[in-house]
Amino acid sequence: MRNTAFTWKLMLTGVTIAWLRRMSVSKGRGMKLVLTVVLFFSPLLCSPAMADGVGNFCPPLITNGTCVIDNPVYTNVFWDTSAAQWNIHDGNAGETQLVLDAILQALVNSAYFSQLAQYKVYSARMTPGITPNCGPAPATMDAFDNDTVANNFMACLLAEYPAFNNGNTVLNIFLPSTTGGGNWCANRSANHHMYGSPGVAVTILPTNSNCNGSFARLLEVMSHEMVEAATDPNPDSPTGYRDKDIGSGGNEIADLCSSTAVFPFLGVGPSFAGATIQGGVTNGKGTGLTQYWSDNANNCVIPFDMTPPTINPNPQVCGWGKNTHITLSGILGPRPWDLISNQFNRQTLYVQASIAHGNNTWTAGNTVLGGDIVGFGSVNWTPGTPDTVTIGGFDSNYGSNNWIVGLGDSINVTVFSPVNGQPSSVTVNSPIPEEIVFDTVNLHPIAGSTSHILGQVLDSSNCVIGGVPVAFSANEGNLGSPATVLTDDSGSFATTFTDPVAGPVTLTANSLYVRAGNQPAELSFKVYPSLTSLSSSSGPVSGGQTITIKGFGFDVLPRTTVSASFYANTTPKKGSPTPPGGPVPQSTGSPFGTPLAITNVAANHQSVTVIMPPSPFSGDGTGIVSISATVNGVESNALQYKYGNGTGMIMPYVPMPPYSFVSGLVCAGCRAAANTGFWVSGDPKAAGNTVIISGRPASKLQETYTVGTISAANFFQLFGEAASFVLRRKSTERGQFIGTPIQISLTGKPGALAPITDSAMVEFAVPPRTGEDLQIVHIEQEGERLRWIAVKGKTVSEAGMIQAPVTESGVYAAVSVKKR
């Protein structure tokens, strides 16, 4: 829009002698003469082109340039006492500094300015908006139209930001809604000018409702003045692109297009409903981006192809609730600038969702231009063939005001093109629950202690689903309260379980929302007895001593038995029966697992009294035995008992069931894309062991591998009187075992030495240690001798874990060796 009243620059209604005198001062006497001649004959030069189009009067000897801003850099200037005060004044109208900067950034990153190349304007970019320290805005636009007020403001602004006075800056000066419209807004909605030398182009954009009644209207006048400020930066001079018709008033490239020739951009402006986008949207439903004149097209143009994104049908929806994940594919356009720079903390202007939940419809995702309260958890936009956009759930504002996603809710997702701001939408429904799965992480119940039962509810794509009621029951023991719980936002549920008596347990979970064929879900596990102390840890070789074993989980006779495993003072003789792949559980019996006579089992299940038999050892009868209990078929840990002054080594032992392999997708906190087996000791101070074997579905891994601990009776075959480790092949060093060794074998072939072809790692948790070397060792047989050999490729993580690759079946352990 051309200026006819503003006087930062000399006011001209035509070409005047005053202007010539001013130019003669800066350009010299010769320049004055040339200019006068050109102006005198310019009507004749223009007369053959009176019909249509625009032209640029730009004498090169006078201007030494193109009379346009070839590569404009736009900056929003908010005239107020502070940024916070601006947002107070204009926030209710949605015209905050964040919003206005975002729409400017979207414009310069779109193809909106692409048709200006014909006018020698080749690029557009922006710098972040500013609030100069130049006092309050004027009370009215009429007061603003005073030379002194405007000039003082510009002098102050450029004193604070002198770099703007560089010849390519365009300042979008916004005046707050508290600046009244007055007569100024009765004649115009916006304007643009040139200030100073070499010159700073400015656009004048009042936000008062009497001037511009909506954000859509403000977008129209903003885009209007921006293209004119670049192509005719000094409207008070005869230079720049304007209508060539004599008597037309010198309309600029946006003036030549009707005010109704606007089109929507990023959801701002007229809707597509009933609109015809051909030569402009003329249905009068609001305003938006302005069209501008193209000499090449000889018409007003929308400066880019209006083709919206193409979204392929049947997008993938994973889960529901806060963690609803939606993946779209199609021709969606390049990755938006705000995701490349993470401008809005994983949010984007270019994706928005509308959710219909019951009688409530709410929107999410576009927390800037859309004004949504609920944002997405993340947005991942990947160009390719096809392009994909993945919405990763919702942020922490999810759930308030009934803003939730429920079973079968309709979700409409809109994607805007980063190139032209045009939208496409697709509607999907949140999926229904498919199955309940249990997580065996940390599941090693000890009798009398509280165990945490964890699990998740999944949809048909193995994605978690929140807000699903799950009811529990068990054939033994006690479940926590309440008996029915809701899955949380991560689709997980948790309950507690205690049982004073050891033995096998089956726990069930069901839900009315889960597909009938997949419920109830069952979890079978063992509750282990635990031995804590002996009333006497030594006795005569003649036997007959009565001792009380304290612990947890004892049942009545004959469901509780106690046995002793007798070990000699020296390592086993050559020829001890040990299969090549390492030890395997053996049946109890002499000399291992000799039953002891039980005289009493306490009613509280926490102690049992036994009579020790005579020592079985030859010679003086001294030696060490390990005592363990078996309750309802489940074996306890072992405690040490001495005959006389017996010596020997009893390794730490906590019996474990085989590992349960679970999918990394299902397991909360486990490694991505890994199928993992878990074990955590019942003793919280003991090390926790984890085996990771990836590359197959969890069910296939379970069929192929069995991972567990070894029986108490087999420990001595491995360790003898003391443990030794071959760590460097040429030297033997002594060390200490950390936690319990584990055995990996092929299912159905426990004694076979076989290679493990999957990518496998064995991992042990270790306590903080100093001055020691941590290693993972593996049993290998050399002739008739078993030796612990260090596994190559060991790594130590920051999380207190050591791990090493597993290439064959057998027994593995973590050890600590003192450094020499």
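Some observations on this one:
- Counted residues, region 486-516 - those being among the β-branched types (Val, Ile, Thr), open to solvent by 20 Å² or more (accessible area, probe 1.4 Å) and closer than 28 Å to residue 697 by Cβ: 2
- Being under 26 Å from residue 411 (Cα atoms) and aliphatic (A, V, I, L, M) is a description that applies to residue 339.
- The one condition in (1) surrounded by fewer than 17 Cβ atoms within 10 Å (Cβ to Cβ); (2) in contact with a helix residue (DSSP H, G or I) (Cβ under 6 Å, 6 or more places away or on another chain); (3) among the β-branched types (Val, Ile, Thr) that residue 385 fails to fulfil: (2)
- Boolean, residue 535 is out of contact with any His (no Cβ under 7 Å at 6 or more places or on another chain) and surrounded by 19 or more Cβ atoms within 10 Å (Cβ to Cβ): no
- Condition broken by residue 101, with the remaining ones in (1) of a type in the set (D, E, K, R); (2) more than 28 Å from the chain's Cα centre (by Cα); (3) surrounded by 19 or more Cβ atoms within 10 Å (Cβ to Cβ) satisfied: (2)
- Residue check, residue 255 more than 24 Å from residue 137 (Cα to Cα), open to solvent by 20 Å² or more (accessible area, probe 1.4 Å) and over 46 Å from the mean Cα position of the chain (by Cα): yes
- The number of residues in region 344-369 that are part of a loop (DSSP other than H, G, I, E, B) and open to solvent by less than 40 Å² (accessible area, probe 1.4 Å) comes to 7.
- Pairing residues of region 383-408 that are without any contact (Cβ under 8 Å) to a residue 24 or more places away in the chain with residues that are exposed (fewer than 11 other Cβ atoms within 10 Å of the Cβ), at Cβ distances under 9 Å and at least 6 apart in sequence or on separate chains, gives 395/345.
- Just one of the listed residues (102, 111) is farther than 23 Å from residue 165 by Cβ and not in a loop (DSSP other than H, G, I, E, B), and it is 102.
- The single condition among (1) at pLDDT below 95; (2) under 29 Å from residue 417 (Cβ atoms) that residue 126 does not satisfy is (1).
- The set of residues from region 334-365 being touching a residue at least 60 places away in the same chain (Cβ under 8 Å) and under 17 Å from residue 405 (Cα atoms) comprises 352, 353, 354.
- Residues (modelled with pLDDT of 75 or more and in contact with a Lys or Arg (Cβ under 7 Å, 6 or more places away or on another chain)) located in region 764-802: 773, 775, 776, 780, 802
- Hits in region 117-134 - residues which are over 14 Å from residue 73 (Cβ atoms) and either outside any helix (DSSP H, G or I) or out of contact with any strand residue (DSSP E or B) (no Cβ under 8 Å at 6 or more places or on another chain) (or both): 117, 120, 131, 132, 133, 134
- Apart from one condition, residue 60 fits all of (1) modelled with pLDDT of 70 or more; (2) under 55 Å from the mean Cα position of the chain (by Cα); (3) not β-branched (Val, Ile, Thr); the exception is (2).
This table checks each residue for (1) more than 23 Å from residue 56 (Cα to Cα); (2) out of contact with any Phe, Trp or Tyr (no Cβ under 6 Å at 6 or more places or on another chain); (3) surrounded by 16 or more Cβ atoms within 10 Å (Cβ to Cβ); (4) modelled with pLDDT under 95.
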position: 148; (1), (2), (3), (4): yes, yes, no, yes
position: 171; (1), (2), (3), (4): no, yes, yes, no
position: 216; (1), (2), (3), (4): yes, yes, yes, yes
position: 225; (1), (2), (3), (4): no, yes, yes, no
position: 229; (1), (2), (3), (4): no, yes, yes, no
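- Flag if residue 331 is open to solvent by 60 Å² or more (accessible area, probe 1.4 Å) and at pLDDT 95 or above: yes
- Residue 288 falls short of the stated requirement of being open to solvent by less than 30 Å² (accessible area, probe 1.4 Å), modelled with pLDDT under 95, closer than 30 Å to residue 358 by Cβ and small (Gly, Ala, Ser).
- If you go through region 159-196 and keep only what is part of a helix (DSSP H, G or I) and under 18 Å from residue 83 (Cα atoms), you end up with just 160.
- Looking only at region 538-559, residues that are open to solvent by 40 Å² or more (accessible area, probe 1.4 Å) and in contact (Cβ under 8 Å) with a residue 12 or more places away in the chain come to 13 in all.
The values are calculated or read from the model by the stated rules, or taken from the named source; none is laboratory data. What you are looking at is a predicted structure, and each value in this text was computed from that prediction instead of being measured. Cβ atoms come from the backbone with ideal geometry, glycine included; neighbour counts cover every protein chain shown. Just so you know, the surface numbers come from the protein's heavy atoms only, side chains and all, with ligands and any DNA or RNA stripped out. Shrake-Rupley method; radii C 1.70, N 1.55, O 1.52, S 1.80 Å.
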